[in-house]
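Asker: Can you read through this structure? Questions will come right after.
The values are calculated or read from the model by the stated rules, or taken from the named source; none is laboratory data. Given the structure is predicted, the values throughout are model-derived calculations rather than measurements. Here the Cβ positions follow ideal geometry from the backbone for every residue, glycine too, while neighbour counts run over all protein chains shown. For the accessible areas, the whole protein counts, side chains as well, though only heavy atoms, and no ligand, DNA or RNA atoms are used. Shrake-Rupley method; radii C 1.70, N 1.55, O 1.52, S 1.80 Å.
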Amino acid sequence: MVEIFCTNCGHGNQPGANFCSSCGQSLPRSDEEPRTITFAIDPQGALDEVEVDVHDVPSGGVLIATRGPNSGSEFALEHVITTAGRHPDSDIFLDDVTVSRRHVELERTTSGYVVRDVGSLNGTYVNQRIIEGDVPLNNGDELQVGRFKLVFIAGGGA
């Protein structure tokens, strides 16, 4: 089994991987091969693996819930600033007491997406690190908002 090494962080990845499982960076491959990203969804402890063809991702990108009450749900990032929280008017409504009413914002910039916590009580995490200020998002990054874990997949327009 020959590993594919990430040019960004040097992590060894499984053959056939399209994105680094450590940092989310796109891995070098021939253009003829399909581009997919694979990750596990954990609905109440039973792991399911999901494969997403990046060509099917809307131009703004998506967040896919891998853990929490909405496991398996896809949330399209359709606005320049997408809000997520427990408030019913949020673009991404996350109905759980561990989520603040106005918890987090994802902003599409000219260089990609950034995420910022907007004063939540429990904080926001990217790849298991609490964030402060604007933090850039890369393909495969895991965003944690309360009990929800969401994987970010950039679309063609991001």
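Asker: Enumerate the calculated ³J(HN,Hα) couplings along the range 9-24 in order (Karplus 6.51 cos²θ - 1.76 cosθ + 1.60, θ = phi - 60°), each rounded to whole Hz, writing x wherever the residue is Gly or Pro.
Answerer: 10, x, 5, x, 10, 5, x, x, 5, 9, 10, 5, 6, 9, 10, x
Asker: Still on this structure, please answer the following. State in Å² the accessible area per residue of the range 60-158; use a 1.4 Å probe, count heavy atoms of protein chains only, and round to the nearest integer.
Answerer: For the range 60-158, the solvent-accessible area averages 48 Å² per residue.
Asker: Over the range 75-133, what percent of the accessible surface lies on carbon and sulfur atoms, probe 1.4 Å?
Answerer: The nonpolar share, carbon plus sulfur, comes to 47 percent.
Asker: Hey, rough spin-label estimate for residue 116 and residue 130, points 7 angstrom out along Cα→Cβ, what's it come to in nanometres?
Answerer: That separation, rounded to one decimal, is 1.9 nm.
Asker: Once the Cβ-Cβ distance between residue 89 and residue 7 is put in as r, and R0 is 35 Å, what FRET efficiency do you end up with, to the nearest 0.05?
Answerer: Efficiency for this residue pair is about 0.25.
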